[in-house]
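Asks: Have a look at the structure that comes next, please.
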Amino acid sequence: MIRPLRAIIVGGSLGGLSAAVWLRDLGCDVDVFERSPAHLEDRGAGIMLNPATVRYFLAKKVVDVRQTSAPIRRLQYLDRAGQVISSAPASWRSSAYNVLYRGLLTCFDRARYHLGEECVGFDQDETGVIVRFATGRVERGDLVVFADGINSIGRRLLLPECRPSYAGYVAWRGTVSEEHLKPETFSLFHEAITYHVLTEGHTLAYPIPNKDGALEPGRRLTNWLWYRNVGEDELADLLVGRGGQRFSTSVPAGSVAERHIKRLHADAAEHLPPPFAEIIGFTPEPFIEVIFDVEVPRMAFGRVCLLGDAAFRARPHAAAGTAKAAEDAYRLALALKACDFDVVKALQEWEATQLPLGKGVVERARQAGERLQHGRWQVGDPLPFGLYRVSDSAMPEEAPAAAETT
Ligand SMILES: Cc1cc2nc3c(=O)[nH]c(=O)nc-3n(C[C@H](O)[C@H](O)[C@H](O)COP(=O)(O)OP(=O)(O)OC[C@H]3O[C@@H](n4cnc5c(N)ncnc54)[C@H](O)[C@@H]3O)c2cc1C
């Protein structure tokens, strides 16, 4: 009997888990190694869906996307007083990091999902790859997928010159329960994605499922983001956490220094439309994500590849980061199958399609970010949401057709 191909996946977030389920379904022997000692359920907040993000759930009918996401039926802009000055129909759906993560995790064998395993290096030859972990563990695989995010060890070893480039702004983020909102604020944000554009920066909000998955209007969370331009010196100060700990790419909820939160709340009250000031003011523990661009000239290196944010990290304005990671994973499985499990050939073919995709998303999001952050975005402008092209994030009201499967 031919031995199944052994795939080692470094990083157990949405990109790594997507690769794990598609490759496992193809018959590969898959293990995921995640640095975090605990499951990632509490990370992140809202995610706007793209059909690619939920392709696995739809194709395998394992998670009901309609029951785990909220409809977004209009795009609206507010003026400084909080009045709607532009409104256009939309057909997007919003979900949350923990919903997608939990959904994928339930599709994968927990015994093959190894927490507390930080990859520290690897070596490959023509026959396979040896992967080393900080715990002293060593694993051998036929294929290694680095889905280890913005600070990818895989990318640092393979392409040390490709470093994340700071975009000049951060996203302050948070969620607030709809139960806490004034009735008029709830009605304003209900079923909408709402923007307010400042001369410097912009803010937005949309409803997402609650932590327990509740989707009934009034029981969900309102997810908000305020993108603020921040100079390098100020950034260094912002990234010093409450206990003096230094962060580099994000500061999690509960760790942002209290004086920064106080200032955020005061600035929101002074500069933002009242509905945004209200939701931000009701968020005692916001968190910060620093906005970076990451681009690579290659994704395939023999039997090793970079996938998702490890390869291309786009600014969030295209709402495509998760979709891109999921698409990389799906296309990897298709390429392996098409190349009859010849790993090196499959990775080369896969790279030829995924490189332009990553470059395209990063560039579209960069252009949108520059306009949104520097007063060059017109009220009413359509959003650049999409993976391959603007507008492919639309989620039809009727159940989307099941995707092509491997
Ligand atoms: C403000 C903001 C808003 C966003 N909104 C959206 C949106 O609306 N829609 C969307 O599609 N995307 C959005 N994204 C992007 C999205 O969060 C990511 O692009 C997506 O989750 C890609 O995931 P990934 O698995 O490639 O990387 P990550 O989610 O970063 O996961 C990497 C994993 O690797 C692990 N790891 C790291 N190093 C090691 C190591 N050495 N060994 C083992 N494990 C390791 C980490 O612990 C982590 O779990 C947004 C991002 C930001 C910052």
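Asks: If the viscosity is 0.890 mPa s and the temperature 25 °C, what Stokes-Einstein diffusion coefficient in µm²/s follows for the chain when Rh is the Kirkwood radius over Cα pairs?
Replies: 113
Asks: Could I ask something else about it? Can you report the principal axis dimensions of the range 171-219 using only the alpha carbons, biggest first, rounded to whole angstrom?
Replies: 36, 22, 17 Å, listed from the longest principal axis down.
Asks: Under the 0.36 nm per residue contour assumption, what length would be gained going from the current alpha-carbon distance of Lys337 and Val379 to full extension?
Replies: Contour length minus Cα-Cα distance gives 10.5 nm.
Asks: Right, something else. Which one, Tyr97, Ile72, Val84, projects farthest toward the positive side of the charge dipole computed for the range 61-113 from Cβ point charges (K/R +1, D/E -1)?
Replies: Tyr97
Asks: If you build the convex hull over the alpha carbons only and average its shadow over all orientations, what do you get for the range 1-96? Give it in nm² to one decimal.
Replies: Dividing the Cα hull surface by four gives the mean projection, 9.2 nm².
Asks: Here's a follow-up. How many angstrom separate the Cα center of the range 1-74 from the Cα center of the range 118-197?
Replies: If you average the Cα positions of each part, the centres end up 13 Å apart.
Asks: Among 239-248, 153-162, how do they line up from the highest to the lowest mean number of other beta-carbon atoms within 10 Å?
Replies: Output ranking for 239-248, 153-162: 153-162, 239-248.
Asks: Same structure again: To the nearest 500 deg cm²/dmol, what mean residue ellipticity at 222 nm is calculated for the chain from DSSP H runs of n ≥ 4 alone, each contributing -39,500 (n - 2.57), summed and divided by the residues?
Replies: -9000 deg cm²/dmol
Asks: Using a Cα distance threshold of under 21 Å, what count of lysine pairs results for the chain when pairs must be 8 or more residues apart or interchain?
Replies: Summing the qualifying lysine pairs gives 7.
Asks: For the range 266-372, give the magnitude of the charge dipole about the Cα centre (Cβ charges: +1 Lys/Arg, -1 Asp/Glu; no others), in debye to the nearest 20.
Replies: 500
Asks: Let's test the formula: R0 of 22 Å, r as the Cβ-Cβ distance of Glu41 and Ser255. What FRET efficiency results, to the nearest 0.05?
Replies: FRET efficiency, Glu41 to Ser255: 0.80.
Asks: Relative to the Cα centre, what is the charge dipole magnitude of the range 210-311, using +1 at the beta carbon of each Lys and Arg, -1 at the beta carbon of each Asp and Glu, and rounding to the nearest 20 debye?
Replies: Computed charge dipole of the range 210-311: roughly 360 debye.
Asks: Explain nothing, just the number: dipole magnitude of the range 46-127 about its Cα centre with +1 on each Lys and Arg Cβ and -1 on each Asp and Glu Cβ, in debye rounded to the nearest 20.
Replies: Dipole of the range 46-127, to the nearest 20 debye: 860 debye.
Asks: Let me ask something else about it. Within 10 Å of each residue's Cβ, count the other Cβ atoms and sort His190, His265 from fewest upward.
Replies: His265, His190
Asks: Can you tell me how much longer the chain between Glu216 and Glu191 gets when fully stretched, taken as 0.36 nm per residue apart minus their C-alpha distance, in nm with one decimal?
Replies: 7.8 nm
Asks: Here's something else I'd like to know. Go through the range 181-245 and name the GluC sites (Glu not before Pro) that are in a DSSP coil and have 16 or fewer other Cβ atoms within 10 Å of their Cβ.
Replies: Glu191, Glu200
Asks: Using +1 at the C-beta of Lys and Arg and -1 at the C-beta of Asp and Glu, which of Pro51, Ala338, His39 has the Cα lying farthest in the positive direction of the dipole of the chain?
Replies: About the Cα centre, the residue reaching furthest to the positive side is Ala338.
Just so you know, all these numbers are worked out from the coordinates, no wet-lab data involved. Only a predicted model underlies this, so the values are computations on that prediction, with no experimental measurement involved. So basically every Cβ, Gly included, is an ideal-geometry build from the backbone, and we count neighbours across all protein chains shown.
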